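Colleague: Here's a structure for you.
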Amino acid sequence: MARIEERNFWMYLLLSIVTCGIYSIWFWYKYSEDMNIVCNGDGKTTQNYIIVLLLSIVTCGIYQFFWFYGLGNRLQENSGRYGVAMSENGSTVLMWMIFGSLLCGIGTFFAFHILIKNMNILAARYSDGSGSSQY
C-alpha cells in the first residue's frame, strides 16, 4: 500500500502564486491520481485534471465547477469506510466556489481548503491501513 503525501493549503496557495498557476495544475493532477487510489473500489473514477482543464476551457470554466463538486461528494461518500464523518460534500464546495466568488474570489480558497483538508484525513487513514480498501 503506497503512502499518500499530506498536502498543505498554504503551500499550495504560495506556490500557485509564485509559479503563476503552473503548480496549481500539477497539484490537482496529483490530487486526482491520489483520489483514485484512496477511493478505489467505490465504482467511480476521478477524471485526470488535464482533461478537466481542457474541458473547462471549452465550457468557459463551467466544467471545473462540476469536477470540484464531484470531488467533494466522492470524499464524503468514501469517508464512512475509513471511519470518518465529513459534514462537507460537493454542495458545500460548490456553494463556496459560486457564492464565495462574490467575495472577490475568496470563497474558492475556502472550497480548496475543504477539499485539501478532507483528502488529508482520508489519505492518512488510507496510509495507516485504517478502513477497508474495497466496499
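Colleague: Report the Stokes-Einstein translational diffusion coefficient (µm² s⁻¹, integer) for segment 75-135, Rh taken as the Kirkwood radius over Cα pairs, at 25 °C with viscosity 0.890 mPa s.
Modeller: Result for D is 200 µm²/s.
Colleague: Report P(r) for the chain: all Cα-Cα distances, bin width 5 Å, range 0 to the bin holding the largest distance, values in whole percent.
Modeller: In whole percents, the pair-distance histogram is 2, 10, 19, 24, 23, 13, 6, 2, 0.
Colleague: Oh, and also: Using the Karplus curve 6.51 cos²θ - 1.76 cosθ + 1.60 with θ = phi - 60°, what ³J(HN,Hα) values do you get for each residue of segment 6-21, in whole Hz, with x for Gly and Pro?
Modeller: Residue by residue, segment 6-21 yields 7, 9, 10, 4, 5, 5, 4, 4, 4, 5, 5, 5, 4, 9, 6, x Hz.
Colleague: Within 10 Å, count the other beta carbons around each residue, average over each peptide in 56-62, 90-96, and list them highest first.
Modeller: For the peptides 56-62, 90-96, the packing ranking is 90-96, 56-62.
Colleague: So how much slack lies between F99 and L13, counting 0.36 nm per residue of separation and subtracting their Cα-Cα distance, in nm?
Modeller: Answer, rounded to one decimal: 28.9 nm.
Colleague: Kindly rank 22-28, 99-105, 121-127 from highest to lowest mean number of other beta carbons found within 10 Å of each residue.
Modeller: Going from most to least packed, we get 121-127, 22-28, 99-105.
Colleague: Binning at 10 Å from 0, report for segment 1-64 what percent of all alpha-carbon pair distances ends up in each bin.
Modeller: 20, 42, 33, 5
Colleague: At 1.4 Å probe size, with the rest of the protein present, what percent of the exposed accessible area of segment 22-61 is carbon and sulfur atoms?
Modeller: 68 percent
Colleague: If R0 is 35 Å, what FRET efficiency do you get for I57 and D128 from their C-beta distance, rounded to 0.05?
Modeller: Efficiency, rounded to the nearest 0.05: 0.35.
Colleague: Using only the alpha-carbon atoms of segment 27-73 as identical scatterers, what base-10 log of I(q)/I(0) does the Debye formula give at q = 0.13, 0.28, 0.32 Å⁻¹?
Modeller: -0.28, -1.05, -1.21
Colleague: While we're on this one: Would you mind working out the accessible area per residue for the chain, using a 1.4 Å probe, and quoting it in Å²?
Modeller: Per-residue value: 55 Å².
Colleague: Treat each spin label as a single point 7 Å out from the Cα along the C-beta direction, and report the W26 to D42 distance in nm.
Modeller: The modelled label-to-label distance comes out at 2.7 nm.
The values are calculated or read from the model by the stated rules, or taken from the named source; none is laboratory data. Only a predicted model underlies this, so the values are computations on that prediction, with no experimental measurement involved. Cβ: placed from backbone, ideal geometry, glycine included. Neighbour counts: every protein chain shown. With ligands, DNA and RNA removed, areas are computed over all heavy atoms of the protein, side chains included. Shrake-Rupley method; radii C 1.70, N 1.55, O 1.52, S 1.80 Å.
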